[in-house]
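Asker: What follows is a single structure, and I will ask about it in a moment.
Throughout, read-outs are computed from the coordinates displayed, never taken from laboratory work. Model, not experiment: these values are computed from the prediction. A quick note on method: Cβ atoms are made from the backbone with ideal geometry, for glycine too, and the neighbour counts reach across all protein chains shown.
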Amino acid sequence: MYSEVISKTARNVIDNVGRAIFGKEEQITYVVTALLCRGHVLLDDIPGTGKTTLAKALAKSISADTKRIQFTPDLLPSDITGVNYYNQKTTDFVFRRGPVFTNILLADEINRTTPRTQSALLECMGEHQATIDGVTYNLDEPFFVIATQNPIESQGTFPLPEAQMDRFLMKLSLGYPEHSAEKNVLTQYGGASPLDALTPVCTQEEIRTACDMVRNITVSDPIKDYIIDIADATRNSDRLRLGVSPRATLAMMRASQAYAAIMGRDYVLPDDVKKIAIPVLSHRIITRSQNTIRLTDTNEQVIEYILDTVRAPIE
């Protein structure tokens with residue numbers, strides 16, 4: 001069974017990452033789900049919640065290379081993808097690869113750089129390739145981007161437009177840890193970092209195999225209809241100015257396949273679709289502004305309302 005192989009690989013990774021990120025098993029599961037879909041994750045969170053540690057722990061767990069880019073307003077596209085430079089010894093131009101040529105890339109504070117530089121990264125995310133001076137270079141597999149942005153500080157930022165937000169499979173937030181988890185942080189990180197003690201639990205080849213197997217998880221016609229009904233509900237909702245795109249329906253299907261496999265099943269249930277709907281859809285919609293005293297519903301609340309109103313298949 002495909003699900004047995006995928007579930008074993010995924011659970012090993014989730015448990016291993018959980019040794020460095022405490023009390024966030026659900027969020028780690030979502031991240032691994034996105035990895036198995038060959039998607040990317042946007043972490044919308046305040047500083048200091050473990051975003052960098054998460055990326056490093058995931059890379060160590062799957063024997064992958066990882067790099068980090070600190071996005072700033074003066075960052076150029078070539079700082080990400082690479083540049084051709086003139087080598088005086090060989091009297092020829094040589095390509096120096098940028099940090100995007102890695103397995104897991106942490107794009108820190110992506111909204112602090114200019115739209116031109118943002119587009120360079122998002123092109124790599126969508127096509128899994130980079131074109132420099134007319135030459136196309138394929139990126140490594142797996143290639144997984146964890147981008148972060150701070151939702152509090154908006155001064156000096158360049159918010160991602162909706163079309164670019166749509167490139168991320170999921171939008172997540174680690175949030176503050178619970179009391180017991182934070183106490184565990186103080187205890188475990190008081191000495192040597194638990195991150196240093198992590199060892200690989202699978203290989204890159206196993207991850208690539210699991211990614212291929214996810215496509216074989218069965219999605220029945222009623223489940224496909226259910227996914228489309230949810231998408232149609234966002235497009236026809238009075239609460240929304242923009243509903244989700246067909247790319248979002250495909251993302252929902254793939255994410256539900258991966259999530260079902262992680263749970264040990266070869267088929268998708270309506271509960272799988274409901275479980276991944278908010279992280280997959282919430283960043284792809286725009287709510288209508290309301291000139292009333294009542295606060296506008298958040299994107300997550302609107303998706304919850306739609307899930308409550310759209311009828312799920314019984315069998």
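Asker: Note the angle between two axes, namely the Cα long axis of helix 51-61 and the longest principal axis of the Cα atoms of the chain, as a number of degrees from 0 to 90, rounded to the nearest 10.
Answerer: Value to nearest ten degrees: 80.
Asker: Then there is this: Using the 10 angstrom Cβ neighbour count as an exposure proxy, how do Leu76, Leu58 rank, fewest first?
Answerer: Numbers: Leu76 14, Leu58 27.
Exposure proxy ranking, most exposed first: Leu76, Leu58.
Asker: For Lys171, Lys224, which order do you get if you count the other beta carbons within 10 Å of each Cβ and list the fewest first?
Answerer: Details: Lys171 22, Lys224 16.
With the fewest neighbours first, Lys171, Lys224 line up as Lys224, Lys171.
Asker: On the principal axes of its Cα set, how long, how wide and how thick is segment 14-173? Give whole Å, largest value first.
Answerer: 55, 38, 25
Asker: Could you give the length gained by full extension between Arg97 and Lys8, i.e. 0.36 nm per residue of separation minus their alpha carbon distance, to one decimal place?
Answerer: 28.6 nm
Asker: Moving on to the next point. Give the angle, between 0 and 90 degrees and rounded to the nearest 10, that separates the Cα long axis of helix 246-262 from the longest principal axis of the Cα atoms of the chain.
Answerer: Between the helix axis and the principal axis of the chain, the angle is about 90 degrees.
Asker: For helix 115-127, report the angle its Cα long axis makes with the longest principal axis of the Cα atoms of the chain; keep it between 0 and 90° and round to the nearest 10°.
Answerer: The two axes meet at around 70 degrees.
Asker: Between Asp74, Asp229, Asp272, where does the largest GNM mean-square fluctuation fall for the chain, given springs only between Cα atoms within less than 10 Å?
Answerer: Maximum fluctuation in the GNM of the chain, among the listed residues, is at Asp74.
Asker: Okay, next question. Computed from the coordinates I sent, Kirkwood radius over Cα pairs in Å equals one of (i) 20.7; (ii) 21.2; (iii) 20.0. Tell me the label.
Answerer: (i)
Asker: Can I ask one more? Under a plain spin-label model, where a point goes 7 Å from the Cα along Cα-to-Cβ, how far apart in nm are Thr187 and Glu26?
Answerer: Simple spin-label model gives 2.3 nm for this pair.
Asker: Taking other Cβ within 10 Å of each residue's Cβ, how do Val302, Val94, Val31 sort, fewest first? If you can, show how the numbers build up before the last one.
Answerer: Working: Val302 23, Val94 11, Val31 26.
With the fewest neighbours first, Val302, Val94, Val31 line up as Val94, Val302, Val31.
Asker: Still on this structure, please answer the following. Assuming 0.36 nm per residue, please report the length gained on full extension of the stretch Glu304 to Asp74 beyond their Cα-Cα distance. Write out the running numbers ahead of the final one.
Answerer: Working: separation 230, 0.36 × 230 = 82.80 nm, distance 3.93 nm.
Full extension from Glu304 to Asp74 adds 78.9 nm.
Asker: Averaging over all projection directions, find the projected area of the Cα convex hull of segment 217-309 and quote it in nm² with one decimal place.
Answerer: On the way: hull surface 23.0 nm².
That works out to 5.8 nm², a quarter of the Cα hull's surface.
Asker: Would you please give the FRET efficiency between Thr218 and His128, computed as 1/(1 + (r/R0)^6) with r the Cβ-Cβ distance and R0 = 30 Å, to the nearest 0.05? Please report the intermediate quantities before stating the final value.
Answerer: Details: r = 26 Å, r/R0 = 0.87.
For Thr218 and His128, the calculated efficiency is 0.70.
Asker: For segment 1-98, treating each Cα as an identical point scatterer without solvent, what Debye log10 I(q)/I(0) comes out at q = 0.17, 0.18 1/Å?
Answerer: After summing over all Cα pairs, the log10 values are -0.87, -0.93.
Asker: Dividing the convex hull volume of the alpha carbon atoms of segment 112-220 by its residue count, what do you get in Å³ per residue?
Answerer: Enclosed volume per residue, from the Cα hull, is 230 Å³.
Asker: Beyond 19 Å between alpha-carbons counts as too far, so tell me which of Lys171/Lys224; Lys171/Lys275; Lys24/Lys67; Lys24/Lys183; Lys51/Lys171 fall in that bin. Spell out each step's value before the answer.
Answerer: On the way: Lys171/Lys224 22 Å; Lys171/Lys275 13 Å; Lys24/Lys67 23 Å; Lys24/Lys183 14 Å; Lys51/Lys171 13 Å.
The pairs that break the limit, which is 19 Å between Cα atoms, are Lys171/Lys224; Lys24/Lys67.
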